[in-house]
Amino acid sequence: MRGMFDRSRPNPGAVRRVKAMVAERFGLPETTTLAVAELRCHEPDCPPVETVITAREADGSMRDWRVAKPLGDIGRADIEMLATDRGRPAAQA
């Protein structure tokens, strides 16, 4: 059984593909840093696998999005959904 803190490495091609789709869809400049993390959760009311995408802008502002599926399963339709109703600003550091 996999735990929340297992350190398996995501497929690098899937990470690049998701980053490219997010950058294209949101028109992010090259100065934006994108991070993608696949998380596992065993808590009630939490999807078993969730992918979190974070965009950090050069001015320090951040946005994050969550997709309730594994990184490798994310497609263009999932990114489009983020653009319509699921993206939200994150707390600034």
Checking the conditions here, which among GLY75, GLY60 is modelled with pLDDT of 85 or more, surrounded by 12 or more Cβ atoms within 10 Å (Cβ to Cβ), over 11 Å from the mean Cα position of the chain (by Cα) and among the small types (Gly, Ala, Ser)? GLY75
All conditions in (1) of a type outside the set (Ser, Thr, Tyr); (2) out of contact with any helix residue (DSSP H, G or I) (no Cβ under 9 Å at 6 or more places or on another chain); (3) modelled with pLDDT of 95 or more are true of ALA93 except (3)
Which pairs turn up if I take residues in the range 69-82 that are of a type in the set (Gly, Ala, Ser) and look for partners that are not in a helix (DSSP H, G or I) with beta carbon separation below 9 Å, at least 6 apart in sequence or on another chain? GLY72/PRO10; GLY72/ASN11; GLY72/GLU38
When you go through (1) part of a loop (DSSP other than H, G, I, E, B); (2) open to solvent by 30 Å² or more (accessible area, probe 1.4 Å); (3) under 20 Å from ARG16 (Cβ atoms) one by one for CYS46, which number turns out not to apply? (3)
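The values are calculated or read from the model by the stated rules, or taken from the named source; none is laboratory data. If you're wondering where the values come from, they're calculated on a predicted model, not measured in any experiment. Because the Cβ atoms are built from the backbone with ideal geometry, glycine has one as well, and the counts that use them run over all protein chains shown. The area values use the complete protein model at the heavy-atom level, side chains included, leaving out ligands, DNA and RNA. Shrake-Rupley method; radii C 1.70, N 1.55, O 1.52, S 1.80 Å.
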